[in-house]
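Structure first, then comments.
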Amino acid sequence: MHTSKNKRSLILGGGQGYTLNVKNQSSRDWVFYIYQTSPKQTNKMLSLAWFVSPYPIAPGDEISFTWFINYNFVWGDTGELKPGITYKARGPRDANLETANSTTFGYNSGGAPTLTNPTQDSSRKGELVITDLGNIPDLKFTVGIGMSGKGTFVEQAGPNLTHSFTPTPVYWVGAATEKKEGEVLDIQTVTKVSPFQFKSGVYEVEMTLNDQNQWVQS
């Protein structure tokens, strides 16, 4: 969707949308991307490049990203989970923090890896929980959660493991020379990034990369 001569827009989902407008006021082209972190994020929970501009954004141009607070469970066949690999979500299942917050991952009776249809676990309200079956091998699969149809956090799956996610995300915007959607990030080493936030009742914000390559929210 093109909203102006120099602006691009990526929209996913339905319902009340949240929009980030990203402006490039620096002196060079950048690929812009968004990722999430969690206040309760552990070393085993890795963030993914959630949104990525489909091409570099030139100086003076901008791009908009719009999403919705719709959660889902995801899994992937990644091998060992580590920063730098690209995660491709498989078989997503819609999730709900109150009514569909628990699922199981494993091989079904036909030998296919899959997530079960989520059910309610009233003892874990406010969490999204994935339980791995004992037939899942180590260091082959990953499981996690997504928002607005794209993966946000993943962990390494393994036999009889339980994964709990509490979705209270902090949003970050970044600039890179190259980035792929679904790329597993090392959030301790990424550069040219900044958190941004939506105040209560606000659904659209703007982040500008200025001529000093610093982020400014407006």
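The values are calculated or read from the model by the stated rules, or taken from the named source; none is laboratory data. The structure displayed is predicted, hence computed values, not measured ones. Glycine gets a Cβ as well: all are built from the backbone with ideal geometry, and neighbour counts include every protein chain shown.
Residues being under 18 Å from His163 (Cβ atoms) and surrounded by fewer than 14 Cβ atoms within 10 Å (Cβ to Cβ): count how many of those fall in region 69-90.
Residues meeting the conditions: 4.
Could you list all residues from region 139-154 that are of a type in the set (A, V, I, L, M) and not in a strand (DSSP E or B)?
Within region 139-154, just Leu139 meets the criteria.
In region 92-138, which residues are over 17 Å from Gly158 (Cβ atoms) and in a strand (DSSP E or B)?
Residues of region 92-138 over 17 Å from Gly158 (Cβ atoms): 92-102, 108-112, 116-128.
Pro92, Arg93, Asp94, Ala95, Asn96, Ala100, Ser102, Thr119, Leu128, listed by residue number.
Tell me which of these Tyr87 doesn't satisfy, since it passes every other one: (1) assigned by TED's automatic domain parsing to the domain that holds Gly126; (2) more than 16 Å from the chain's Cα centre (by Cα); (3) aromatic (Phe, Trp, Tyr).
Tyr87 satisfies every listed condition except (2).
Identify all residues within region 37-50 that are in contact (Cβ under 8 Å) with a residue 12 or more places away in the chain and surrounded by fewer than 21 Cβ atoms within 10 Å (Cβ to Cβ); write none if there are none.
Residues satisfying the conditions are Thr37, Ser38, Pro39, Lys40, Gln41, Lys44, Met45.
Quick check on region 60-81. Is at least one of its residues closer than 17 Å to Gln188 by Cα, at pLDDT 95 or above, in a loop (DSSP other than H, G, I, E, B) and of a type outside the set (Gly, Ala, Ser)?
yes
Is it the case, given these coordinates, that Glu206 is modelled with pLDDT of 95 or more, touching a His at 6+ places or on another chain (Cβ under 7 Å) and in a strand (DSSP E or B)?
Values: modelled with pLDDT of 95 or more: yes; touching a His at 6+ places or on another chain (Cβ under 7 Å): no; in a strand (DSSP E or B): yes.
It is false that Glu206 is modelled with pLDDT of 95 or more, touching a His at 6+ places or on another chain (Cβ under 7 Å) and in a strand (DSSP E or B).
Look through region 150-180, keep the residues that are surrounded by fewer than 17 Cβ atoms within 10 Å (Cβ to Cβ) and either charged (D, E, K, R) or touching a residue at least 60 places away in the same chain (Cβ under 8 Å) (or both), and return whichever of them is nearest to Ala100 (Cα to Cα).
Taking the candidates together, the pick is Thr166.
Could you please find all residues in region 105-125 being more than 21 Å from Phe68 (Cα to Cα), crowded, with 19+ Cβ neighbours inside 10 Å and not aromatic (Phe, Trp, Tyr)?
Gly106, Pro113, Leu115
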